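Peer 1: Here's a structure for you.
The values are calculated or read from the model by the stated rules, or taken from the named source; none is laboratory data. On a predicted model such as this, the values are computed, not experimentally measured, just so you know. We place every Cβ from the backbone using ideal geometry, glycine too, and count neighbours over all the protein chains shown.
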Amino acid sequence: MSLELQPAETAIDTWAINYIGPNGKAATGKLTVTNQRLLFLPQHGADSLSLSVYNRKGLLELDKSDIKNVAPQKSFLSKKVLVTMSDNSVHTFNYGVMNIDKLVAAIQNS
């Protein structure tokens, strides 16, 4: 599935990453960060995650304007970014042992 960008929206980069939703359910997929949104497309069906966070295409969309906090967490074997939204829901993007600095910068920049 190709992502449909909004007018004046540009993609910054895409990462293959693990996602853990506010409900604690996990999925592996691709995260595309744009200048306006975070777009996570799971590799498998959206039935493994709460359908309330997905639109009908299975795509999770987080508007950057609704992001309250971006908190990187780094340990030797786990590099994560915790994104807290204005409704206090926390979305976790786990990149395993890979460096998350570019991901954090992309999320923080608009």
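Yes/no per residue for (1) over 12 Å from the mean Cα position of the chain (by Cα); (2) under 14 Å from I107 (Cα atoms); (3) at pLDDT below 90; (4) crowded, with 19+ Cβ neighbours inside 10 Å:
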site	(1), (2), (3), (4)
G24	yes, no, no, no
N35	yes, yes, no, no
G45	yes, no, yes, no
L51	yes, no, yes, no
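Peer 1: Can you name the number of the only condition in (1) at pLDDT 75 or above; (2) part of a loop (DSSP other than H, G, I, E, B); (3) of a type outside the set (S, T, Y) that R56 fails?
Peer 2: Only one criterion is unmet by R56, namely (1).
Peer 1: What are the pairs with Cβ atoms under 8 angstrom where one residue, in region 60-81, is of a type in the set (F, W, Y) and the other, located anywhere, is not in a strand (DSSP E or B)? Sequence gap at least six, or different chains.
Peer 2: Once the first residue is of a type in the set (F, W, Y) and sits in region 60-81, its partners that are not in a strand (DSSP E or B) give F76/V97.
Peer 1: Related question: Counting only residues that are within 19 Å of G24 (Cα to Cα) and in contact with a strand residue (DSSP E or B) (Cβ under 6 Å, 6 or more places away or on another chain), which one in region 86-100 is surrounded by the fewest Cβ atoms within 10 Å (Cβ to Cβ)?
Peer 2: Checking each candidate, the answer is S86.
Peer 1: Please state which of the following conditions K79 fails to meet, knowing it meets all the rest: (1) out of contact with any strand residue (DSSP E or B) (no Cβ under 7 Å at 6 or more places or on another chain); (2) more than 11 Å from I17 (Cα to Cα).
Peer 2: Condition (2) is where K79 drops out.
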